[in-house]
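The numbers here are math on the coordinates, done by the rules we state, and not lab data. This is a predicted model, so every value here is computed, not measured. Don't worry about glycine lacking a Cβ; one is built from the backbone with ideal geometry, like all the others, and counts go over all protein chains shown.
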Amino acid sequence: MPREVQTVRSGWRRRAAAIAAGVLAAGLALLLAAVCAAPGPRRRAHPDRIPVHFWHMWTADWKAVVERIVAEFNASQTRYEVIPLSVPSASADSKFLLAVAGGAPPDLMAQWNQVIPAWADSGLLMELDQFMTPEEWTRFQAEVYPVALKIGRYKGHLYGLCTAVSIWACYYRPDHFREAGLDPDAFPETLEGLWAIGRTLERRAEDGRLVRMGFLPQWLNMYAPIFGGGFWDEAASRAVVDTPANLRALAFLAECRKALGFNEVVRFESSLNQGQGGNVDWPFISGRYSIVVDGQWRVEQLARNAPDLEYRAAPIPPPTGGKRHAGWSNGNFMIIPKGAAHPEGAWEFAKFWAGWGDPARAAEFCTWGGWLPLWPPVAEAPAYRAFLAKHPAFGTFLDVLPSENIVPSPPVPYQVFLNDQIGRVDDYAMRGTKTPEAALRGGQAELNAELARRRRFGL
Amino acid sequence: MNAIRRHLAGYLFISPWLAGFAVFTLLPFVASFFLGFCRYNVVTPPVWVGTANYEELLRDPLFWRSLANTLIYAGVAVPLGMAAGVGLALLLNAEIRGMAVYRTVFFLPHIVPVVATSVVFVWILNPDIGLVNSLLRLAGIRGPAWLADPNWAMTSLIFMSLWAVGGSMVIYLAGLKDIPVALYEAAVVDGAGIWARTRHITLPMLSPVIFFNLVMGVIHSFQYFTQAYIMTQGGPQDATLFYALYLFYRAWRYLDMGYASAMAWVLFVLIMLVTAALFRTHKRWVYDAA
């Protein structure tokens, strides 16, 4: 290669290297500036007060609501300062466990995962009834909605104070009803009737693909109580899977799937965005479902994301011989870990949020979050009544709330395992891989094996 | 004395890494061996249970299922990835205009974060509106439900593994560049065709790199986790319940850290055995220039 060409190339390389070094230096300088300019940890507004570290899992709009409630509490008294922290829900449980194991837990945590039996059984949670006088505890048990008590109680003690309960019911589209020649004011009284109407509302493409689901009954956890079954034998205080009522429920769900086509339903469902977290693309809004079972929080989301959508809500109707106003439920609840530095402050804030002694205030909070309350006085407060007048569909969920037939997951320390097994049973039957009988039998065998294992391990 | 001082300086320079290794790798490694013989839920002190966790493993159908899934994945995805990597490297070793661009294009997927890739592939493999089934529909074929179908979920993940084949391809390319041109020239003079040159020069000379990628690929396959965790969570019907995923569930979902530790040690021994077995085959097919 001629010497001049080599010289030119080497000069070009030097320039390129100099430019690259300049860009790198500028990038580093920018990064440093960004780090310096970033806001540091939030300063405490009331450093003279007792701090109450509060973890929760809400994000986006709901996080703003939580911070508003915290601000109300901090403004309402002069002893405590609640310091909220939103932790990612996917890692919240493990973060909590590691914090407890490390001896630095928060003072209070808002939860909705099914953690109470397992964590209480491991001695991680404080009994909240110890903060009440015997009279208060008795009155509390008598006044709160039954399901709220079931969610928070384990082995006779309260470990979680519900601030809101979740109830599922049917949302349906009157426009689809009219289009199919049905009367939207005559919602079916039985599950069988609802299923039949769902088939009328269903739409398929020319190649047989489902493009609109009329009604898809699914989720054994939800339908087992509706058929009079469930997974908790109260009399024997033990979890069960394979019962005649559960079999009736699973057989009904599997028959519906079979009629729609097992594979067709899988394909239809995979093509949907489930609209979680308040998304505007909830398939009900886009008309992919005519009737869908979902929670009460959708009412507020629909008002915000689809204000012009005509819809109604109705309780899930029971099958012939089944139970009215039944189903599965969970809720938002407050737990105080053992080792919390300031449990009294944590309890004060939990009570404040739940409306203890001031239901009108809790009613305001419930309307901000679109939540169902812990006890009837909150629902009867003027703010909540105004909210109901504005969102009539919410009344459906409130009507179902007091029912004794609404149940949470069984209060057993192996609740996660049990729920996984129920999900497995459900999945086998819904795909037609096993008959409902075989699926339930298999689930019960797995449960028995787990119980035997726990006994061998002295649990 | 000077030598000691010099070594000490070296150890001091790497002391942050040494401290990190000791605290975050060595200590948990040793602790997990002990915990494998305990009942332990992270928050309460471990309770000695002897070999009970290992005995439970033998009885646990999900343990066997997850092991089988992992072996199937390793047995299919690793050879497939090696064939694709070598094939691509051979193609991209040609001296044609714009080759650097082609190489970059094939390497780029490798540097995309696995989580992002997984989320995108969930949509690409969507049965109804995914890219793959849309293309199949153009050809008049109704594609399977891929990740939602127990019969296709594993296959989907195996095919998806080819997406990041660019990483191993670059190593193969580097290996190809190391093969002396004189060997090919001599072969051409002797009348060897392209297949003969590939069979008798390229592959033997590339065998050390192939061996390296084989060992690394097998080890990574045994630890396969992220894609399954994000895309299928082990389903449908445990079709993609990989060993590492099940281990994670036992540890953090069921808080059964003792059982998970036992699983981790079984995995460790398995990986050591398979790697040792591969090294035993080393002399038979790997060219050693030394």
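Couple of notes before you dig in:
- Exposure proxy order (Cβ contacts within 10 Å, fewest to most) of B:Phe159, B:Phe63, B:Phe242: B:Phe159, B:Phe63, B:Phe242
- Residue with peak Gaussian network fluctuation, chain B [Cα springs, cutoff 10 Å], from B:Tyr224, B:Tyr11, B:Tyr259: B:Tyr11
- Using a cutoff of 8 angstrom between alpha carbon atoms and counting only pairs six or more residues apart, the relative contact order for the range B:104-169 works out to 36 percent.
- Note on chain B: Cα convex hull, mean projected area over all directions, 23.0 nm².
- Per residue, the convex hull spanned by the Cα atoms of the range B:119-253 measures out at 147 cubic angstrom.
- Calculated FRET value between A:Ala235 and A:Gln141, using beta carbons and R₀ = 22 Å, to 0.05: 0.65
- Contact order normalised by residue count of chain A, Cα under 8 Å, 6+ apart, percent: 23 percent
- Rounded to the nearest 20, the size of the Cβ-charge dipole of the protein assembly as shown about its Cα centre is 2560 debye, with Lys and Arg at +1 and Asp and Glu at -1.
- Rounded Å value of the spacing that divides the Cα centres of the range A:327-356 and the range B:125-204: 56 Å
- Candidates B:Leu138, B:Leu58, B:Leu247, ranked by Gaussian network fluctuation over chain B, Cα under 10 Å, top entry: B:Leu138
- Considering all C-alpha pairs of the range A:191-253, those separated by over 17 Å amount to 51%.
- Theoretical FRET efficiency, 1/(1+(r/R0)^6), r = Cβ-Cβ of A:Phe457 and A:His157, R0 22 Å, to 0.05: 0.35
- Charge tally in the Cβ shell below 11 Å around A:Val240, where Lys, Arg are +1 and Asp, Glu are -1, A:Val240 excluded: -2
- Taking Lys and Arg as +1 and Asp and Glu as -1, the other residues whose beta-carbon sits under 11 Å from that of A:Ala381 total -1.
- Shielding of peptide A:262-272 by partners, expressed as the average count of other chain Cβ atoms within 10 Å per residue Cβ, is 5.
- Using a Förster distance of 41 Å, the FRET efficiency for A:Asp185-A:Arg209 (Cβ separation, nearest 0.05): 0.85
- Loop sites in the range B:163-216: chymotrypsin sites (Phe, Trp or Tyr not before Pro), DSSP, at most 16 other Cβ within 10 Å: none
- Separation of the alpha carbons by more than 32 angstrom is noted, of A:Lys95/A:Lys323; A:Lys63/A:Lys150; A:Lys63/A:Lys338; A:Lys63/A:Lys323; A:Lys150/A:Lys258; A:Lys351/A:Lys390, for A:Lys95/A:Lys323; A:Lys63/A:Lys323; A:Lys150/A:Lys258.
- Averaged over B:43-50, number of beta-carbon atoms from partner chains that fall within 10 Å: 3
- Helices in chain B that qualify as membrane-span-like (whole DSSP H runs, Cα extent of at least 27 Å along the helix axis, mean Kyte-Doolittle hydropathy of 1.0 or higher) are B:61-91, B:203-222, B:257-285.
- Classified by the C-alpha gyration tensor, chain A has an oblate form. Its axis ratio a/c, with a ≥ b ≥ c, is 1.5 or above, and a/b does not exceed b/c.
- Antiparallel bridge percentage (DSSP; both residues within the protein assembly as shown; nearest 5): 65 percent
- Only Lys, Arg, Asp and Glu carry charge here, each on its Cβ (+1 for the first two, -1 for the last two); on that basis the range A:67-110 has a dipole of about 40 debye about its Cα centre.
- Once the gyration tensor of the Cα atoms in the range A:96-202 is diagonalised, the equivalent ellipsoid follows with semi-axes of 44, 18, 11 Å, ordered largest first.
- Proxy reagent accessibility, fewest Cβ within 10 Å first, across B:Tyr229, A:Tyr289: B:Tyr229, A:Tyr289
- With neighbour counts taken as other beta-carbon atoms within 10 Å, the residues A:Val23, A:Val65 rank, fewest first, as A:Val23, A:Val65.
- Environment charge at A:Thr367 (Cβ cut-off 14 Å; Lys +1, Arg +1, Asp -1, Glu -1): 0
- Coupling constants for the range A:206-211 follow from the phi torsions by the Karplus curve (6.51 cos²θ - 1.76 cosθ + 1.60, θ = phi - 60°), and in residue order they are 4, 7, x, 5, 6, 10 Hz; glycine and proline get x.
- Treating each Cα of the range A:11-131 as one equal point scatterer and applying the Debye formula with no solvent, the log10 of I(q)/I(0) at q = 0.16 Å⁻¹ comes out as -0.93.
- Inter-label distance, nm, simple model (7 Å from Cα along the C-beta direction), B:Ala9/A:Ala71: 5.9 nm
- Peptide B:142-152, shielding by other chains (average Cβ, 10 Å cutoff): 3
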